[in-house]
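What follows is a short report on a single structure.
The values are calculated or read from the model by the stated rules, or taken from the named source; none is laboratory data. Given the structure is predicted, the values throughout are model-derived calculations rather than measurements. Every residue, glycine as well, gets a Cβ built from its backbone with ideal geometry; the counts of neighbours run over all protein chains shown. Keep in mind that these areas ignore ligands, DNA and RNA; they rest on the heavy atoms of the full protein, side chains included. Shrake-Rupley method; radii C 1.70, N 1.55, O 1.52, S 1.80 Å.
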Amino acid sequence: MIKGFKDFLMRGNVVDLAVAVVIGAAFGAIVTSFTNNLINPIVALFGGNNVNGLAVQLGSSEKTIIDFGAIITAAINFVIVAAVVYFIFVMPMNKLKERRERGEEPGPSEPTDVELLKEIRDLLAAQQRQNQS
């Protein structure tokens with residue numbers, strides 16, 4: 001049971017998808033708080049009283065404001081999230097793949113011929129029951 005679960009997790013796209021969902025949902029709030037409360041004051045130091053001091057208004061409407069502070073904040077958020085994803089998730093997974101390629105760690109097991117035949121039998125039986133209904 002545990003071996004099957006491990007094999008499921010080690011199939012490439014499952015881990016990539018899980019990383020994207022978890023990081024996007026959980027870590028985004030932490031990074032936003034970090035940039036709003038630590039990085040924005042540092043950026044504001046160079047742009048005026050607040051981060052909006054780095055904004056430029058092109059016309060008389062508020063819709064024509066180009067906010068460079070928000071762009072800098074978003075870029076910093078991206079770099080922090082990308083670094084965490086790389087060093088905590090991607091790098092260890094690459095190390096594990098390297099170990100598997102060298103033969104130090106067994107990879108996901110392939111199904112046997114008997115298992116494949118049983119699966120085909122079950123699918124055919126289910127399809128036959130469906131056609132009879």
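When only the heavy atoms of the protein chains count and the probe is 1.4 Å, how do THR112, THR64, THR73 rank by accessible area, highest first?
On the way: THR112 70, THR64 45, THR73 15 Å².
My answer, sorted largest first, is THR112, THR64, THR73.
Between rounded, prolate and oblate, where does segment 57-129 land on the alpha carbon gyration tensor, with a ≥ b ≥ c its root eigenvalues, rounded for a/c under 1.5, else prolate if a/b exceeds b/c? Verdict is oblate for segment 57-129.
FRET efficiency for ILE120 and ASP7, Cβ-Cβ distance as r, R0 = 30 Å, nearest 0.05? Don't skip to the end; give the middle numbers.
Details: r = 20 Å, r/R0 = 0.67.
Between ILE120 and ASP7 the formula returns 0.90.
Pulled fully out, how much extra length does the chain show between VAL90 and PHE78, if you take 0.36 nm times their separation in residues and subtract their Cα-Cα distance?
On the way: separation 12, 0.36 × 12 = 4.32 nm, distance 1.59 nm.
Residue separation times 0.36 nm, minus the Cα-Cα distance, leaves 2.7 nm.
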